[in-house]
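See structure below.
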Amino acid sequence: MPERVIDLRSDTVTKPTPAMRRAMAEAEVGDDVYGEDPTVNRLEERAAEIMGKEAALFVPSGTMGNTIAVKLHTRHGQEVICEARSHVFNYELAMMAWFAGCVPRPIQAEHGILTWRLIEPHIRPLGPHWAPTGLIVLENTHNMAGGTVYPPDVFREICDRAHALGLRVHLDGARLFNAATFLGCPVHELARGADTVMFCLSKGLGAPVGSLLVGSRDAIAEARLYRKRLGGGMRQAGVLAAAGLIALEQMPARLHEDHRNARLLAQALAEMPGVTIPHPVQTNIVIMDISATGISAPDLSARLKTQGLLINPTGSHQLRLVTHYDVSETDCVRAIEIIRETLRSVRGQVPAA
Ligand code: TLP
């Protein structure tokens with residue numbers, strides 16, 4: 001493999017910046033299980049403030065944040081409405097069943113964006129045969145639908161109508177800052193209406209570890225107990241929160257660079273024979289469909305790896321490219337060349353489908 005590896009597998013691969021490393025080394029810490037870590041406390045206060053909620057909880061991962069949220073809002077034996085390609089349904093090891101005793105009610109939506117019209121027919125009251133709806137989970141941006149963004153009015157209508165029926169809404173906002181960057185609005189406007197929001201520091205914002213769950217003071221007090229049950233009481237976590245504070249305060253301002261690089265990739269890929277881009281590229285994720293190239297996504301991924309380009313397959317004929325802090329525009333131009341050359345050499349060997 002060449003020396004310089006271009007890693008487009010995910011924005012989770014970003015390494016802490018020099019400023020983050022310095023802050024980590026100098027962080028003031030205490031035992032967070034006693035609520036005595038001043039840096040964690042500061043991070044939680046700022047997160048709540050920025051998201052426009054009463055309180056926040058620092059958790060080790062997005063998965064733990066979502067898991068706790070589902071548990072907070074549901075009872076065993078209920079259904080959780082979510083989009084068919086959502087992270088809570090597909091990539092969290094069935095935690096909603098394992099921890100909260102709920103089953104998903106997945107609904108397919110164009111580009112991953114649910115609407116009230118799509119959700120309403122699936123809401124189930126208590127009855128003799130079926131599991132009642134306990135919660136709606138929305139994902140903004142929608143990861144596997146190519147980083148697509150909820151129009152704020154669509155999101156708010158779902159929240160308002162759900163609340164009118166006594167239902168709660170949790171927002172998986174792992175990449176909510178990317179959505180806010182795309183829309184050019186403060187992030188709290190996209191959190192408004194949701195009962196809880198999980199967002200990640202360790203994706204586009206570049207922190208090494210950590211996510212936050214925000215919501216009402218009561219919900220977060222209860223969430224703290226679930227975090228402890230799950231083994232997420234992190235003691236002197238201020239070393240992580242220090243990096244998180246930099247991620248939160250400084251990194252959102254540069255996300256537009258990742259979005260520009262994603263558009264650059266998408267435009268070039270769309271011009272390659274047999275390649276289509278099935279979703280609008282609004283943020284830092286590009287889904288690439290290669291059904292008409294004659295090779296499979298795992299095969300292409302393996303060939304690209306030998307050229308020093310890492311891209312994960314997300315299906316038999318789809319791959320996902322994610323731009324982030326550790327890939328430059330030059331890297332993206334190089335990635336395009338590698339993909340173009342690799343597909344060209346494949347076309348020489350494999351008859352097109
Ligand atoms: N997503 C990861 C993988 O798990 C797929 C990635 O590389 O994109 N919600 C959303 C929308 C996510 O994309 C992810 C991570 C999570 C939750 C979970 O976050 P972590 O990895 O911190 O548990």
If you place +1 on the Cβ of every Lys and Arg and -1 on the Cβ of every Asp and Glu, how big does the dipole about the Cα centre of region 1-126 come out, in debye to the nearest 20? 520 debye
Counting only protein heavy atoms and leaving out ligands, DNA and RNA, the solvent-accessible surface of ILE50 at a 1.4 Å probe, in Å² to the nearest 10, equals 30 Å²
Can you give the longest stretch of the chain with no exposed loop site, where a site means GluC sites (Glu not before Pro) in a DSSP loop (not H, G, I, E or B) with at most 15 other C-beta atoms within 10 Å? 55-270
Work out the length of the dipole vector of region 18-250 about its Cα centre, built from +1 on the beta-carbon of each Lys and Arg and -1 on the beta-carbon of each Asp and Glu, and round it to the nearest 20 debye. 440 debye
Charge dipole (region 120-255, unit charges on Cβ, about Cα centre) - positive-most of LEU176, HIS122, VAL154: LEU176
Got a number for carbon plus sulfur as a percent of the chain's accessible area, 1.4 Å probe? 52 percent
Going 7 Å from the Cα of ASP299 in the Cα-to-Cβ direction, what parts of region 309-353 have a backbone nitrogen less than 17 Å from that spot? 313-319, 339-353
Leaving out ligands, DNA and RNA but keeping every protein chain, what accessible area does THR141 have, in Å² rounded to the nearest 10, with a 1.4 Å probe? 0 Å²
Students sometimes get this wrong: rank ARG42, ARG156 by accessible area, probe 1.4 Å, all chains present, largest first. ARG42, ARG156
Net length gained if the chain between GLU249 and ARG217 were fully extended (0.36 nm per residue, minus Cα distance): 9.3 nm
For LYS71, the lysines lying under 23 Å Cα to Cα, once residues fewer than eight places off in the same chain are dropped, come out as LYS53, LYS228
Where does region 18-250 land on Rg/Rh, using Cα atoms and the Kirkwood Rh? 0.97
Between VAL154 and ALA131, what is the FRET efficiency for a Förster distance of 30 Å, r being their Cβ-Cβ separation, to the nearest 0.05? 0.70
In straight Cα distance, which lysines are under 26 Å from LYS15, not counting same-chain residues fewer than 8 positions off? LYS203, LYS305
Residue-count net charge about HIS73 - beta-carbon cut-off 11 Å; Lys, Arg +1, Asp, Glu -1: +1
List the DSSP H helices in the chain whose Cα atoms stretch 30 Å or more along the helix axis and whose mean Kyte-Doolittle hydropathy is at least -1.0. 329-349
Just want to confirm a number: the relative contact order over the chain, from Cα pairs under 8 angstrom separated by 6+ residues, in percent. 24 percent
Count the DSSP beta bridges whose two residues both fall in region 7-161, then state the antiparallel fraction as a percent rounded to the nearest 5. 10 percent
Express as a percent, rounded to the nearest 5, the fraction of DSSP beta bridges in the chain (both residues included) that run antiparallel. 50 percent
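The values are calculated or read from the model by the stated rules, or taken from the named source; none is laboratory data. This one's a predicted model, so the numbers in the text were calculated from it and none came from an experiment. Note that each Cβ is placed from the backbone with ideal geometry, even for glycine, and that neighbours are counted across all protein chains shown. The accessibility values were calculated without ligands, DNA or RNA, using every heavy atom of the protein model including side chains. Shrake-Rupley method; radii C 1.70, N 1.55, O 1.52, S 1.80 Å.
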